[in-house]
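Right, one structure below, let's go through it.
The values are calculated or read from the model by the stated rules, or taken from the named source; none is laboratory data. Note that the structure is a prediction, hence the values are computed from the model and not measured. Positions of Cβ are generated from backbone atoms using ideal geometry, with glycine treated the same way; all protein chains shown enter the neighbour counts.
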Amino acid sequence: MSDTRPIDVSKLIDDQPLRRFHVALIATLFLCMIADGYDIQSMGFAAPGIVKALHFDRSMLGPVFSASLIGMLIGGPLFGWVGDRFGRRTALLSGLTIVGVVSLLTAAAESQPQLLILRFLTGIGLGGVPTNSVALIAEYAPKRMRATMIVIAQTGITFGSIMPALASGTLEADYGWRPLFIIGGIAPLVIGLFGLLVLPESLKFMIVKQWPAETIAKVARALDSQMEGDAASMLMVPEAPVKGARGLGIAALFADGLKWITPIIWLLYVSCYSVNYFLHSWMPLVFRGEGLTIGQTAVAAAMFDVGGVLGALTAGRLVDRFGVAPVVALCVTACPAIWLIGVLGNSVYFLSAAIFVAGFCLIGITLSMGAISGAIYPTQIRAKGIGWASGIGRFGSIVSPMIGGWLIALNTPVSQLFLAPVAPMLLGTAVCFVLMRLCVRRFGGRHLIAPSPAAAG
């Protein structure tokens with residue numbers, strides 16, 4: 001080619017139509033998320049069988065449930081660092097491998113200490129899967145559909161979380177609880193092997209890290225088949241170094257205009273995770289205590305995830321068009337919907353409607369935050385930014401079920417019990433509004449489009 005000027009890889013990606021490359025990427029990462037969602041929920045469905053087969057007291061499983069959440073708290077930041085240092089693909093596949101191997105070992109566990117350690121290690125692996133999946137999609141998706149593509153892949157977590165119930169109902173009566181973890185071990189290993197064959201490394205990451213030119217050119221031609229070899233060698237990432245940071249450690253998450261954005265994102269993650277886990281943990285038990293049958297409870301609780309999938313897909317499209325503003329609206333709507341869950345009594349239809357709206361808002365907010373974080377943080381620290389936000393958010397998921405248990409032990413009326421998750425949701429609404437204002441200032445408008453080097457800072 002006669003024109004040897006550098007080619008802006010961000011513009012190249014943004015100008016691409018939706019290709020088979022993008023569909024394959026989303027489909028593969030959706031499968032990764034399914035494996036992640038399955039293993040997050042598998043212990044809850046295996047618990048009754050474990051108590052019966054290993055002669056545990058139910059209280060002994062409390063620390064086991066918490067162990068995976070603590071592992072995810074550590075795994076998010078850890079694999080965020082791995083993703084920024086060695087590549088998103090490497091970190092993602094490493095996380096899946098840990099989940100698969102440790103889940104198979106869990107199927108052979110014979111004691112509570114063994115389960116405790118193995119679920120902690122599983123949580124570490126689980127923390128790396130969504131972190132690097134989001135980073136990888138964020139660096140290949142055209143800006144006009146970035147949030148939508150991220151959210152579609154993340155909905156795999158919701159579908160995966162439903163599957164342990166199906167596996168338990170099909171297999172546990174005849175084969176016990178161990179097959180749940182055998183499935184949870186084999187699936188991520190198979191998906192990881194498939195990902196090893198088909199998943200590309202992030203093009204932006206490879207350019208920033210100065211990978212071999214032929215490797216970069218191969219991936220660039222897979223993205224754009226019309227690109228010639230010499231053109232691929234001229235690709236560059238037009239992002240300035242993170243200003244005000246020495247190296248790319250955690251301090252970089254607070255540099256270059258991120259001083260307030262990062263803690264605001266962390267607070268929003270804590271708020272959303274605390275409400276999600278409060279409702280997931282206590283709705284079935286509370287509903288049964290209020291007189292609903294097993295079938296009515298299952299239908300009502302399922303509305304949370306049904307609404308969540310629809311809410312996430314809707315929120316993804318709105319975030320692409322309007323930035324953070326739709327997430328603020330979802331936060332505002334979630335507050336009365338959560339409160340209504342506690343005051344509608346045993347009216348199954350009205351209760352299911354309130355739960356549907358709550359799931360629509362809460363899961364829509366949670367999955368949209370991955371897309372927002374992926375847009376806010378630059379390539380050099382993207383996986384780290386997403387990983388730390390997700391990891392810090394796990395504090396909410398650990399603490400909120402404990403608060404719910406304490407309130408139930410105090411015989412708190414149901415109408416007051418569901419005011420507890422409204423409090424962090426109100427906090428989330430306030431900080432989300434602040435985040436919207438900060439993003440408008442950072443990006444020069446409502447759209448979450450990374451500033452050019454000249455505009456950054």
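Here are the numbers for the structure shown:
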{"quantity": "Among (1) in contact (Cβ under 8 Å) with a residue 40 or more places away in the chain; (2) out of contact with any Gly (no Cβ under 8 Å at 6 or more places or on another chain), the one test that Gly308 misses", "calculated": "(2)"}
{"quantity": "Qualifying residue in segment 288-299 (condition: under 23 Å from the mean Cα position of the chain (by Cα) and assigned to a helix (DSSP H, G or I))", "calculated": "no"}
{"quantity": "Test set (1) touching a Lys or Arg at 6+ places or on another chain (Cβ under 9 Å); (2) modelled with pLDDT of 75 or more; (3) polar (S, T, N, Q) - Ser161 fails condition number", "calculated": "(1)"}
{"quantity": "Lone unmet requirement of (1) under 22 Å from Ser347 (Cβ atoms); (2) of a type outside the set (S, T, N, Q); (3) part of a helix (DSSP H, G or I) for Cys272", "calculated": "(1)"}
{"quantity": "Test: residue in segment 392-400 that is out of contact with any Leu (no Cβ under 9 Å at 6 or more places or on another chain), hydrophobic (A, V, I, L, M, F, W, C) and surrounded by fewer than 24 Cβ atoms within 10 Å (Cβ to Cβ)", "calculated": "yes"}
{"quantity": "Some residue of segment 134-145 being over 14 Å from Asp39 (Cβ atoms) and among the aromatic types (Phe, Trp, Tyr)", "calculated": "yes"}
{"quantity": "Segment 372-391 - residue that is among the small types (Gly, Ala, Ser) and touching a Ser or Thr at 6+ places or on another chain (Cβ under 8 Å) and, of those, surrounded by the most Cβ atoms within 10 Å (Cβ to Cβ)", "calculated": "Ala383"}
{"quantity": "Any hit, segment 364-371, residues being at pLDDT 85 or above, crowded, with 21+ Cβ neighbours inside 10 Å and polar (S, T, N, Q)", "calculated": "yes"}
{"quantity": "Yes/no for Arg317 being surrounded by fewer than 24 Cβ atoms within 10 Å (Cβ to Cβ) and part of a helix (DSSP H, G or I)", "calculated": "yes"}
